[in-house]
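Encoded as structure tokens, the structure appears first; notes follow it.
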Amino acid sequence: MKCPVCKKDEFVVEDMGDGLTSLHCEQCEGHWLPSFVYWKWRQRRGFNAPETASEAGARAPKPEPKGAKLCPECGRLLIKYRVSKDIPFTVDRCGNCAGVWLDCGEWAALKGRDLHDDLDYIFTSVWQAGLRKEISAGSVDAGLAKALGAADYARAKKVRDWLSEHPERSRLLAFLGRREA
């Protein structure tokens, strides 16, 4: 087995906490998490903690190494998966054997947000589609804020929020859409 980052072929078994073990590369400090090891850990753990919000000033992992990574188990390309719009890294997973590569600091960052027990869900099309939708909406909002200016954008958001809760929302929207003579 070779490390996907530094190509070193020496791993040590390391306890990642709560009885979960990984194969750890001491050179780049990454972790290889075989799929069956993770699933056994999830079964023993028995519960799934809800995701927590990002903390301001939370320590981000080291920058991700550039380039494609190969699975240490089967040699296939690892696929990058975005985790969250406010988490600045991707997690690598093998599409063949479903093992997961975590670069230095990524496990701690996931654990800090209670996403460490959601790895299986993060790789689903449902999670990834929701994330793309969230990122897209954020881009649209950022563009609108830039075009309108901060004050007008904040005012428009207040009106939108007020309209969304109003019992006569449809009538108000019709009124706003009507042209004055």
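The values are calculated or read from the model by the stated rules, or taken from the named source; none is laboratory data. Keep in mind that this is a model prediction, so the values were computed, not measured. Neighbour counts are summed over all protein chains in view; Cβ atoms, including those assigned to glycine, are modelled from backbone coordinates with ideal geometry. Remember, those area values only see protein heavy atoms, side chains included, never the ligands or the DNA or RNA. Shrake-Rupley method; radii C 1.70, N 1.55, O 1.52, S 1.80 Å.
If the Cβ limit is 8 Å and pairs must be 6+ apart or interchain, which residue in region 1-14 that is aromatic (F, W, Y) pairs with which residue that is surrounded by fewer than 18 Cβ atoms within 10 Å (Cβ to Cβ)?
Listed pairs, sorted by first residue: F11/M1.
Hey, any hits in region 123-133 for a residue that's open to solvent by less than 50 Å² (accessible area, probe 1.4 Å), over 15 Å from the mean Cα position of the chain (by Cα) and among the hydrophobic types (A, V, I, L, M, F, W, C)?
Of region 123-133, the ones open to solvent by less than 50 Å² (accessible area, probe 1.4 Å) are 123-124, 127-131.
The next check asks that each one be over 15 Å from the mean Cα position of the chain (by Cα); those that pass are none.
Checked against the condition, which is being open to solvent by less than 50 Å² (accessible area, probe 1.4 Å), over 15 Å from the mean Cα position of the chain (by Cα) and among the hydrophobic types (A, V, I, L, M, F, W, C), region 123-133 yields no hits at all.
Take the residues in region 95-104 that are in contact (Cβ under 8 Å) with a residue 60 or more places away in the chain and not acidic (D, E); name whichever of them is surrounded by the fewest Cβ atoms within 10 Å (Cβ to Cβ). Before the answer, list the steps.
As a first pass, look at region 95-104 and keep what is in contact (Cβ under 8 Å) with a residue 60 or more places away in the chain: 97-104.
Restricting the remaining residues to those that are not acidic (D, E) gives 97-102, 104.
Numbers: C97: 15, A98: 18, G99: 23, V100: 25, W101: 25, L102: 24, C104: 17.
So the residue we want is C97.
Specify which of the listed residues (T21, T90, T52) is at pLDDT 85 or above, β-branched (V, I, T) and open to solvent by 40 Å² or more (accessible area, probe 1.4 Å).
Step by step, each of T21, T90, T52 is checked, and only T21 is at pLDDT 85 or above, β-branched (V, I, T) and open to solvent by 40 Å² or more (accessible area, probe 1.4 Å).
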